[in-house]
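J.: Have a look at this one before I ask anything.
The values are calculated or read from the model by the stated rules, or taken from the named source; none is laboratory data. None of the values given here were measured: they were computed from a predicted structure. Virtual Cβ from ideal backbone geometry, glycine too; neighbours counted across all protein chains shown.
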Amino acid sequence: SATILAACMFGSASAGGLTVGFSQIGSESGWRAAETTVTKEQAKKRGIDLKFADAQQKQENQIKALRSFIAQGVDAILIAPVVETGWDDVLKEAKEAKIPVILLDRTIKAPDDLYLTAVTSDLVHEGKVAGDFLVKAVGDKKCNVVELQGTTGSSPAIARKKGFEEALAGHDNLKIVRSQTGDFTRTKGKEVMESFLKAENGGKDICALYAHNDDMAVGAIQAIKEAGLKPGKDILVVSIDAVPDIFKAMSEGESNATVELTPNMSGPAFDALDAYLKDKKAPPKWIQTESKLYTPADDPMKVYEEKKGQGY
Ligand code: AHR
């Protein structure tokens with residue numbers, strides 16, 4: 001496109017001057033909202049005109065947004081795909097229009113020539129880190145675990161479940177007794193936890209909660225307290241994301257661990273786009289972000305303060 005040509009002519013290393021469409025899932029979690037904020041900040045800093053579309057959790061809205069970006073002739077597309085499957089057709093259309101597509105934070109099941117790269121964490125590994133933590137924390141004790149899953153059909157829900165189960169394999173004292181989706185939201189996390197507590201002797205038969213994200217854990221913590229139990233003690237709480245509120249909970253002894261997911265997926269994505277458009281340097285198909293474990297030993301209030309400046 002004209003913008004790319006101009007950038008090349010002037011030998012600019014920046015994606016500035018480009019128009020990039022961003023199809024975001026919605027704002028189901030604090031992490032998701034932070035990713036949106038960071039992406040808008042990153043685009044602004046680089047002089048990118050970002051066309052933002054909120055899909056309100058619906059794949060059909062994401063497909064519509066992509067078709068509209070293609071019709072507008074954007075220079076590139078970022079998409080955080082709500083579910084794993086059903087993307088082939090629209091990605092083929094983008095490919096035919098020669099518009100590079102970058103996946104943010106979630107993976108898909110499609111041939112990898114249909115997108116430029118995916119900036120994601122190792123989603124299975126995250127679940128494994130959470131599971132390993134719990135196995136160690138519990139020791140030889142018998143432990144009934146309840147699991148709050150993310151959005152059904154989404155790659156983090158599928159992979160985080162798998163990784164956690166891998167960590168528990170061979171530790172027969174730990175057993176997942178209930179597992180249900182809480183859709184990655186606080187409200188649903190609380191609601192489903194209430195039903196788990198009811199079904200498990202008012203919560204007395206539950207030893208630990210594994211939530212696929214912190215927001216569901218925060219909702220569940222509330223439910224545990226309302227049931228008259230102590231989250232973090234009576235019921236251990238392990239989750240994923242590292243949003244500020246989980247560090248608050250941790251500092252109050254109500255959360256035992258979280259696995260960090262950076263909300264800055266767009267920084268590496270725009271860097272890859274730069275290199276691709278400027279030097280025709282194809283990035284690796286997977287740009288992996290870190291998955292660091294945080295526990296109460298990590299000065300949670302300090303982390304809380306630091307996190308506040310990072311899109312949260
Ligand atoms: O895809 C990343 C996940 O989506 C985050 O862990 C969760 O909070 C979000 O909704």
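J.: Could you check the range 208-312 for helices (runs of 4 or more DSSP H) lying wholly inside it with 3 or more residues that are out of contact with any His (no Cβ under 8 Å at 6 or more places or on another chain) and surrounded by 22 or more Cβ atoms within 10 Å (Cβ to Cβ)? Break it down stepwise before answering.
T.: On the way: elements: 214-226, 244-251, 266-279, 300-308.
Result: 214-226, 244-251, 266-279.
J.: Scan the range 248-259 residue by residue and report those that are farther than 22 Å from Asp122 by Cα and within 16 Å of the ligand (Cβ to nearest atom).
T.: Keep residues of the range 248-259 that are farther than 22 Å from Asp122 by Cα, which gives 248-255.
Residues satisfying the conditions are Ala249, Ser255.
J.: While we're here: When you check Ala208 against the structure, is it in contact with an Asp or Glu (Cβ under 7 Å, 6 or more places away or on another chain) and of a type in the set (Gly, Ala, Ser), yes or no? Outline the logic, then answer.
T.: Numbers: in contact with an Asp or Glu (Cβ under 7 Å, 6 or more places away or on another chain): no; of a type in the set (Gly, Ala, Ser): yes.
So Ala208 does not fit the description; no.
J.: So which residues in the range 30-71 are in contact with a strand residue (DSSP E or B) (Cβ under 7 Å, 6 or more places away or on another chain), assigned to a loop (DSSP other than H, G, I, E, B) and within 16 Å of the ligand (Cβ to nearest atom), if there are any at all?
T.: Matches in the range 30-71: Ala55 only.
J.: Where residues in the range 111-152 are away from the ligand (no atom under 12 Å from the Cβ) and hydroxyl-bearing (Ser, Thr, Tyr), which of them is nearest to Ile206 (Cα to Cα)? Show your work before the answer.
T.: Our first condition is that a residue be away from the ligand (no atom under 12 Å from the Cβ); within the range 111-152, this holds for 111-117, 122, 124-125, 128-129, 131-147, 152.
Next, from what is left, pick out any that are hydroxyl-bearing (Ser, Thr, Tyr): 115, 117, 152.
On the way: Tyr115: 43, Thr117: 41, Thr152: 23 Å.
Here the answer is Thr152.
J.: Would you confirm, using the coordinates I've provided, whether Ile4 is farther than 28 Å from Ala157 by Cβ, modelled with pLDDT of 95 or more and among the aliphatic types (A, V, I, L, M)? Break it down into steps so the answer makes sense when it comes.
T.: Numbers: farther than 28 Å from Ala157 by Cβ: yes; modelled with pLDDT of 95 or more: no; among the aliphatic types (A, V, I, L, M): yes.
When the stated conditions are applied, Ile4 does not pass them.
To keep it simple, each residue is scored yes or no on (1) within 16 Å of the ligand (Cβ to nearest atom); (2) on the phi < 0 side of the Ramachandran plot; (3) free of Cβ contacts under 8 Å to residues at least 40 places away in the same chain.
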site: Leu261; (1), (2), (3): yes, yes, no
site: Asn264; (1), (2), (3): yes, yes, no
site: Ala272; (1), (2), (3): no, yes, no
site: Lys278; (1), (2), (3): no, yes, no
site: Glu290; (1), (2), (3): yes, yes, no
site: Pro296; (1), (2), (3): no, yes, no
site: Glu305; (1), (2), (3): no, yes, yes
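J.: Now a separate question. Report yes if Thr152 is under 24 Å from Arg32 (Cβ atoms), touching a Ser or Thr at 6+ places or on another chain (Cβ under 7 Å), of a type in the set (Ser, Thr, Tyr) and surrounded by fewer than 23 Cβ atoms within 10 Å (Cβ to Cβ), otherwise no.
T.: Working: under 24 Å from Arg32 (Cβ atoms): yes; touching a Ser or Thr at 6+ places or on another chain (Cβ under 7 Å): yes; of a type in the set (Ser, Thr, Tyr): yes; surrounded by fewer than 23 Cβ atoms within 10 Å (Cβ to Cβ): yes.
Against the criterion (under 24 Å from Arg32 (Cβ atoms), touching a Ser or Thr at 6+ places or on another chain (Cβ under 7 Å), of a type in the set (Ser, Thr, Tyr) and surrounded by fewer than 23 Cβ atoms within 10 Å (Cβ to Cβ)), Thr152 qualifies.
J.: Quick one: which residue in Arg160, Arg106 is part of a helix (DSSP H, G or I), within 12 Å of the ligand (Cβ to nearest atom) and at pLDDT 95 or above? Reasoning before the result, please.
T.: Values: Arg106 fails: part of a helix (DSSP H, G or I).
Matching residue, one of Arg160, Arg106: Arg160.
J.: Can you tell me which residues in the range 164-194 are of a type outside the set (Asp, Glu), in contact with a strand residue (DSSP E or B) (Cβ under 8 Å, 6 or more places away or on another chain) and more than 16 Å from the ligand (Cβ to nearest atom)?
T.: Narrowing the range 164-194 to residues of a type outside the set (Asp, Glu): 164, 167-171, 173-182, 184-190, 192-193.
The next check asks that each one be in contact with a strand residue (DSSP E or B) (Cβ under 8 Å, 6 or more places away or on another chain); those that pass are 164, 168, 173-182, 188-189, 192-193.
Passing the criteria: Leu168, Asn173, Leu174, Lys175, Ile176, Val177, Arg178, Ser179, Gln180, Met193.
J.: Of the residues Val83, Val146, only one is crowded, with 23+ Cβ neighbours inside 10 Å, at pLDDT 95 or above, in contact with a helix residue (DSSP H, G or I) (Cβ under 6 Å, 6 or more places away or on another chain) and of a type outside the set (Phe, Trp, Tyr); which?
T.: Values: Val83 fails: crowded, with 23+ Cβ neighbours inside 10 Å.
On inspection, the qualifying residue turns out to be Val146.
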